[in-house]
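Accompanying notes for the structure given below.
All of the numbers you see were taken from the coordinates with simple rules; none came from a lab. In this text the structure is predicted, and so the values were computed from the model without any measurement. Cβ placement follows ideal geometry from the backbone for every residue including glycine, while neighbour counts extend to all protein chains displayed.
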Amino acid sequence: MDLGLAGKSAIVTGAGSGIGAAIAARLAGEGAKVVVSDIDLASAEAQAEVIRAAGGAAIGVRADVVDADEVAAMVDRAAEEFGGADILVNNAGLARDMRITRMEEADWDVVLDVILKGAFLCTKAVLPLMTGRKWGRIVNMSSRAHLGNPGQANYSAAKAGLIGFTKAMALENGRNFITCNAVAPGMIDTPFVRGHPQFDKISENAIRTTPVPRIGLPEDVADAVAFLVSDRASYITGDVLHVTGGRY
Ligand SMILES: NC(=O)c1ccc[n+]([C@@H]2O[C@H](COP(=O)([O-])OP(=O)(O)OC[C@H]3O[C@@H](n4cnc5c(N)ncnc54)[C@H](O)[C@@H]3O)[C@@H](O)[C@H]2O)c1
């Protein structure tokens with residue numbers, strides 16, 4: 001299936017690691033020119049180099065998604081280097097897991113800021129470029145946690161909020177042929193989950209309760225994103241694609 005991504009300019013946030021890195025590689029493999037953006041410049045540049053070594057087009061850019069000036073500079077780089085920003089994947093995210101009785105205001109704020117405000121700032125920054133071309137694709141990285149996970153009140157709220165944001169963006173921007181969808185992964189094998197102190201217990205439980213009995217891979221999510229940002233998904237917007245092996 002030709003995804004029609006050759007020559008498109010894409011920005012993937014949080015792309016120095018894990019799911020974002022796999023998405024950047026997948027889009028570049030389809031011929032897109034990718035801005036590999038991350039708050040950690042070294043990881044962004046390393047992933048861009050991996051993509052270039054495989055024959056793709058990519059640059060590494062540092063941007064903290066909660067800083068409007070850095071986000072604006074990231075979009076400017078996409079326009080200068082690759083002629084625009086046709087695709088945005090709001091993937092940057094983090095977690096501060098704990099029961100609400102122990103959760104501090106700062107734990108709430110940082111998770112809501114990076115996931116929700118980050119998506120807001122990046123989306124606002126790319127929309128003028130997409131609107132000008134009457135073509136655009138935005139994918140927001142939600143999570144199965146949008147259904148609610150114990151120990152993840154902040155993260156669950158942010159990922160559910162991101163779905164509301166996705167639907168609002170779909171309604172506002174459809175007239176310009178800009179689609180906005182969310183992807184909701186289950187447990188995916190990345191540094192993000194590997195770093196959890198109870199990784200073994202959590203992964204064992206996930207495999208036991210998942211109809212497809214394995215942990216997901218970053219490439220599973222990247223395939224879903226590649227479809228949603230493609231020409232093959234031009235009539236799908238405001239939707240949530242779960243990549244969970246059937247676990248809810
Ligand atoms: N791994 C999973 O099981 C899983 C499941 C569902 C959803 N997700 C979501 O997928 C996304 C990627 O997760 P991952 O597992 O690849 O994690 P990861 O920790 O491997 O990668 C996240 C990346 O985001 C970057 N980042 C963090 N804060 C940032 C900021 N303020 N600005 C820019 N970049 C920032 C990090 O530097 C890192 O490179 C996140 O939004 C996460 O919530 C992950």
Response to the item:
Considering only helices (runs of 4 or more DSSP H) wholly within the stretch 140-212, the ones with at least 1 residues that are in contact with a Pro (Cβ under 6 Å, 6 or more places away or on another chain) are 199-209
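Working carefully through the options I202, I215, I188, find the one that is of a type in the set (V, I, T), within 15 Å of D97 (Cβ to Cβ) and within 13 Å of the ligand (Cβ to nearest atom).
On the way: I215 fails: within 15 Å of D97 (Cβ to Cβ); I188 fails: within 15 Å of D97 (Cβ to Cβ).
Going through I202, I215, I188 in turn, the sole match is I202.
Quick test for you: out of V243, V212, pick the one residue that is surrounded by 17 or more Cβ atoms within 10 Å (Cβ to Cβ) and not charged (D, E, K, R). Write out each step before concluding.
On the way: V212 fails: surrounded by 17 or more Cβ atoms within 10 Å (Cβ to Cβ).
Within the list V243, V212, the selection yields V243.
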Worksheet item: Of P185, P213, P197, P150, which residue is at negative phi and under 17 Å from the mean Cα position of the chain (by Cα)?
Response: P185
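Yes/no matrix, rows are residues, columns are (1) among the hydroxyl-bearing types (S, T, Y); (2) surrounded by fewer than 23 Cβ atoms within 10 Å (Cβ to Cβ); (3) under 19 Å from V114 (Cβ atoms); (4) in contact with a strand residue (DSSP E or B) (Cβ under 9 Å, 6 or more places away or on another chain):
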residue	(1), (2), (3), (4)
A15	no, no, yes, yes
E45	no, yes, no, yes
A54	no, yes, no, no
V89	no, no, yes, yes
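For I100, indicate whether it is under 18 Å from V193 (Cα atoms) and among the aliphatic types (A, V, I, L, M).
Numbers: under 18 Å from V193 (Cα atoms): no; among the aliphatic types (A, V, I, L, M): yes.
Answer is no for this residue.
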Worksheet item: Residues of the stretch 96-129 being within 14 Å of the chain's Cα centre (by Cα) and under 12 Å from N154 (Cα atoms), which ones?
Response: V114, I115, L116
Fill in: Enumeration of residues in the stretch 108-166 that are in contact with a Lys or Arg (Cβ under 8 Å, 6 or more places away or on another chain), polar (S, T, N, Q) and away from the ligand (no atom under 11 Å from the Cβ)
N154
Practice prompt. Test each condition in (1) surrounded by 18 or more Cβ atoms within 10 Å (Cβ to Cβ); (2) within 21 Å of V183 (Cβ to Cβ) for G60 and report the one that comes out false.
Written response: (2)
Fill in: Criterion: out of contact with any helix residue (DSSP H, G or I) (no Cβ under 7 Å at 6 or more places or on another chain) and over 16 Å from P128 (Cα atoms) - qualifying residue of R77, R99, R62
R99
